[in-house]
Structures are given as structure tokens and as C-alpha cells.
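Take a look at the structure below.
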Amino acid sequence: MKEKLHENALSFLKERYDNTHLNLPLRMRRNRKSPAIRSLVAETSLLKSDLVLPFFIIEGERKKEAIASMPGIFRLSPDLVLREAEEMHTRGIQGIALFPVTPSDLKSEQAEEALRPDSLLHRTLRLIKKEIPSLCLISDVALDPYTTHGHDGLANKAEEILNDETVRLLGKMAVAQAEAGADVVAPSDMMDGRVGFIRRSLDLSSFQNTSILAYSAKYASSFYSPFRDALQTELSFGDKKTYQMHPGNVREALLEAELDEKEGADILMVKPAGMYLDVIAKLRERTHRPVAAYHVSGEYAMVMAAYEKGYLHAPSAFYETLLGIKRAGANLIFTYAVEQVLEFLDN
């Protein structure tokens, strides 16, 4: 009798599974059958607190200028930056990054505007830190918004970017930004040795608690064009390939990050993000420091262009993109798509 039952059971299983070419009744879909279960077993989650929202600041009051190459993104006067930052913070955003749009008459070869105590950036930092002290303010340390030639460093008559002279100026910039209220200074220039010099400059000026987010692996990318349009900067000579990284290099990125960490960087960034997920993943394996990634203007603009054509749903496409960046190993993500992603997360 037992043998007959066993034979019948085997016959049943053979009949049921032979047609599906399965050897075992493994049902992977059981962990996908409801939103609740999918959420419980998710390996990676994108949180509002992972996101940093960049702002482009312009002079004036109640001023809002559309950026043609970045649909939905605007240059804002400090009062409007404050208003939007308050709203975003209320909705869960913990950090913003500030990028000043410098009027052409204030740009110079020596970038003096970068150090002026009452500059647009410094005034905006003081305003927001006073009104929203709990919001993390990240300020950009680079010369391209302030130079007439549009490069991230000082240049000589032979049109060479000067490393050490630039580094000394960047140290002064970082101190000035910390004095104005920056919680984190973010050198994006890619000069050699600048993280160590900035760390010493901050410490000697009693800003030991000001953090450094180093753009450690910043690639010479074609995806920055909308950002330069937003910042209203353009190069008067050459390109940035003598200081930004070659897109084909990974080991160099890891070495750059290792050097920045040894010099005192608190957070290490990879920029751009989406095209360099392998770099993010490898860096995550090599460091115990937080890893940042910049979902850059060109990556944002591509999705928005497809969205305007009706090819993609922007909120879900941005969510999937940023989730992939987080899955690769990023702890925090700079992105212009905060509004769309918050809409997706809230709904």
C-alpha cells in the first residue's frame, strides 16, 4: 500500500513538473506576490534622507529663471532658495548643495569674488543657516563660477592650469564658506593635494568640525553641459581633461579616493553616477568612508527629454535610476530629480 502511494505521488509530481522543465517546485514569485512582501524582502531601499538637492543661486529678490537644458530646474534668488529649501526639508530632504551664478562683471582671472565676504554664495549660506539651522549646507569649492576663462583653477599665460597656486586659493575659499555657515565644503576642482591643504586650513581657523566632501573621482564627462548652461560658464580655451579623469579609468579613481581619504576627506564622491556604477561599487568595497554619487545634469536632462516626448514616466524612471546608484554602494546622491522622486516615494 505504501509503495503504491509513493508511486502515485511520484507520478503526480512527474506529470505536474515535467512540462515546465523544473526539477524542484521552487517558487521565487512567492516573495513578490504583494507590495508588503516586496518591501519586506527588498535588498536596497531609496530613502528621502539619501538625497541632496543642488540649487543654482542668482542675485536679486523673487527671481526665478528657467534653465532650457534642464526642464523643471530654475536659477533662484536667495529668498526663493530659502523658501524651496524649507519645503524640501519639511518633506524629508536633509542636505542641499549651493552653486552661485556669478555675474560676468564680477568674474576675473584671479577669482577674487570667491573670497569676498558679502558674495552671493556667502550671503545665501548665512541666510539659510540662520533660518533652517537643522539643514545640512554643502558648498562648492572650485573656481569655475568665478574665473573669466571658466576653468576650475588659476591659469598662466601659457593657458596651463596651476595646481599649487589654485590649492592655496581653495583653502581660503573653504575657510570663507565655513565662516558663512557651510556644514560641508566640497572641493570639485580635482587639483592634487587640495583636500589635505583644505583640512589644515580649516583646522587652523578653528573649523575642525567642518566636513570635507571630496569630488575624488570626477570624470571629464560630456554629461556636464546642462550644468555649465545653468551656471552660465564656458571655457575660453582648452578643456578640463588635464585635471578631470579619463572616463576609461577605474584604478586611478580608487587611487584618487585613497589619497583624498588619507588627506582627511570625510566623504568620497564619484561623478557622474549612472555611467560609473562600477566605480561606485569598487570604491564601496575599498573604503569605510561614506560614498557620495552625483546624478549629473546630463543624466537628468536625458530622462526629462524622453518624458516630454512621452517615452518615459519621469518619477518612476528617476526612482529606478537612483535606486541603482544606491544599490551600487552610494550612501548619498546629489540629484536634480528630487521633486520627481519625492512624488514617487510619497505615492
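The values are calculated or read from the model by the stated rules, or taken from the named source; none is laboratory data. Keep in mind that what you see is a predicted model, and the values were worked out from it rather than measured. Please note: Cβ atoms are built from the backbone with ideal geometry, for glycine as well, and neighbour counts cover all protein chains shown.
Per-structure values
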quantity	calculated
Extreme residue, surrounded by the fewest Cβ atoms within 10 Å (Cβ to Cβ), among residues of the range 312-346 that are assigned to a loop (DSSP other than H, G, I, E, B) and either among the hydroxyl-bearing types (Ser, Thr, Tyr) or free of Cβ contacts under 8 Å to residues at least 12 places away in the same chain (or both)	HIS313
Every residue from the range 261-307 that is of a type in the set (Gly, Ala, Ser) and under 11 Å from the mean Cα position of the chain (by Cα)	ALA273, GLY274, ALA292, ALA293, SER297
Selected residue [closer than 25 Å to THR321 by Cβ and either modelled with pLDDT under 95 or not in a helix (DSSP H, G or I) (or both)] from ARG16, ARG29, ARG75	ARG75
Unmet requirement for ASP50, which otherwise passes all of (1) farther than 22 Å from LEU125 by Cβ; (2) surrounded by fewer than 19 Cβ atoms within 10 Å (Cβ to Cβ); (3) under 18 Å from the mean Cα position of the chain (by Cα); (4) not hydrophobic (A, V, I, L, M, F, W, C)	(2)
Complete set of residues in the range 314-344 that are more than 18 Å from VAL270 (Cβ to Cβ) and not aromatic (Phe, Trp, Tyr)	ALA314, PRO315, SER316, ALA317, GLU320, VAL338, GLU339, GLN340, VAL341, LEU342, GLU343
Enumeration of residues in the range 268-289 that are outside any helix (DSSP H, G or I) and surrounded by fewer than 16 Cβ atoms within 10 Å (Cβ to Cβ)	HIS288
Of residues in the range 308-334 being among the hydroxyl-bearing types (Ser, Thr, Tyr) and under 16 Å from the mean Cα position of the chain (by Cα), the one farthest from SER216 (Cα to Cα)	TYR319
Checklist (1) crowded, with 17+ Cβ neighbours inside 10 Å; (2) in contact with a strand residue (DSSP E or B) (Cβ under 9 Å, 6 or more places away or on another chain) applied to GLY72, failing item	(1)
Residue match in the range 292-303 (condition: out of contact with any Leu (no Cβ under 9 Å at 6 or more places or on another chain), in a helix (DSSP H, G or I) and free of Cβ contacts under 8 Å to residues at least 40 places away in the same chain)	yes
Some residue of the range 202-223 being touching a Gly at 6+ places or on another chain (Cβ under 6 Å), over 18 Å from ALA293 (Cβ atoms) and of a type in the set (Ser, Thr, Tyr)	no
Among the candidates LEU46, LEU80, LEU53, residue that is assigned to a strand (DSSP E or B), touching a Phe, Trp or Tyr at 6+ places or on another chain (Cβ under 9 Å) and at pLDDT 95 or above	LEU53
In the range 75-107, residue surrounded by the fewest Cβ atoms within 10 Å (Cβ to Cβ) [restricted to those that are under 16 Å from SER134 (Cβ atoms) and in contact with a strand residue (DSSP E or B) (Cβ under 6 Å, 6 or more places away or on another chain)]	GLN94
Enumerated helices (runs of 4 or more DSSP H) restricted to the range 149-235, each holding at least 3 residues that are surrounded by 23 or more Cβ atoms within 10 Å (Cβ to Cβ), free of Cβ contacts under 8 Å to residues at least 60 places away in the same chain and in contact with a strand residue (DSSP E or B) (Cβ under 9 Å, 6 or more places away or on another chain)	163-180
Residue in the range 98-106 that is under 30 Å from ASP346 (Cβ atoms) and either in a loop (DSSP other than H, G, I, E, B) or hydrophobic (A, V, I, L, M, F, W, C) (or both) present	yes
Matching option when the condition is out of contact with any Phe, Trp or Tyr (no Cβ under 8 Å at 6 or more places or on another chain) and in a loop (DSSP other than H, G, I, E, B), among ALA265, ALA257	ALA265
All positions within the range 296-310 that are buried (at least 18 other Cβ atoms within 10 Å of the Cβ) and among the aliphatic types (A, V, I, L, M)	VAL296, ALA301, VAL303, MET304
Search result, residues across the range 116-148 that are assigned to a loop (DSSP other than H, G, I, E, B) and crowded, with 16+ Cβ neighbours inside 10 Å	SER119, ILE132, LEU135, ALA142, LEU143, ASP144, PRO145, TYR146
